[in-house]
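The next block holds one structure in the form of C-alpha cells; read it before the comments.
The values are calculated or read from the model by the stated rules, or taken from the named source; none is laboratory data. Every value quoted in this text rests on a predicted model; they were computed, and no experiment measured them. Please note: Cβ atoms are built from the backbone with ideal geometry, for glycine as well, and neighbour counts cover all protein chains shown. For accessibility, only protein heavy atoms count, side chains too; no ligands or nucleic acids. Shrake-Rupley method; radii C 1.70, N 1.55, O 1.52, S 1.80 Å.
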Amino acid sequence: CSAPTAGFTYSSSGLGLTCVDASSVTGTATYVWDFGDGSGTSTSQSPSYTYSVSGTYNVCLTLVDSCGTDSICQSIIVTDSSVGIVNALNEQVISVYPNPTREVIYFENTLNNQMLIYIYDAMGKLLQCLNLDENKKALNVENYSEGIYFYRVLEIDASNIFNGRFVVSK
C-alpha cells in the first residue's frame, strides 16, 4: 500500500481562494484544510474560502487514507481589490521551512524587526516562546510528537501579528 501524497493547486481573486486537490491517494481519503487565518478550515476535497483581510496566509492540506498521512503547505497572498492599496502584510515576512519537518524547523524573518514566536500544540497549549532577534532561528522538534503545531509571531513593537502552522512528521 503506497502512502498518500498531498498536493493542491489554487487560484485567487480578491479575498477569495479556490483550492483544487491534486493529491495521490489509495481508496477513500479524508481531507483537512487550514486556511492559515486562525479560523478557516474545511474537510471538502476541493474547497473555496473567503478571507476577511488581505495578507499572506500559510494554507495547509492534511490528507489521510488507508495507507497513511501526508501534509503540504503553501504560502498564498490574497488582496482586497476594493481597497486599492496593497496592505504591507502581503509581503512575505516570515518563512517557515521545511514544512513538514522531522528534526528542525527554521523561522526566517525578512524584516529587521525583533519578533517573538509562540509555539502551541493542537490543543492550544503554549509549548515554547522564542526570541527571533536575528534573521533566522532554528527550532529543534525531535522531542515533539508527530502532529500539527501552531505558531504566532508578534513583532516586539506589537504592530503586526502573523499566524501559521507546521507539521512534525516522524
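Quick notes
- By the Cβ distance rule (another cysteine Cβ under 4.7 Å), the unpaired cysteines of the chain are Cys19, Cys129.
- Net lengthening on full extension, Ser24/Leu130 (0.36 nm per residue, minus Cα-Cα): 34.5 nm
- Table column - 3J(HN,Hα) (Hz), the stretch 93-109, Karplus curve with 6.51, -1.76, 1.60, x for Gly and Pro: 9, 10, 10, 10, 7, x, 9, x, 9, 10, 10, 9, 10, 10, 10, 10, 9
- Whole-percent carbon and sulfur share, accessible surface of the chain, 1.4 Å: 48 percent
- A full extension of the chain between Leu116 and Thr9 corresponds to an added length of 35.4 nm, given 0.36 nm per residue minus the alpha carbon distance.
- Taking 0.36 nm per residue of separation and subtracting the current Cα-Cα distance, fully stretching the chain between Met123 and Tyr106 would add 3.9 nm.
- When each of the peptides 18-30, 128-140, 95-107, 47-59 is scored by the mean number of other C-beta atoms lying within 10 Å of its residues, the order from highest to lowest reads 47-59, 95-107, 18-30, 128-140.
- Global form of the stretch 1-50, assessed from the alpha-carbon gyration tensor, a/c cut-off 1.5: prolate
- The Cβ shell under 12 Å around Glu108 holds other residues with a net charge of +1, Lys and Arg each +1, Asp and Glu each -1.
- Semi-axis lengths (Å, descending) of the ellipsoid that matches the C-alpha gyration tensor of the chain: 26, 23, 12
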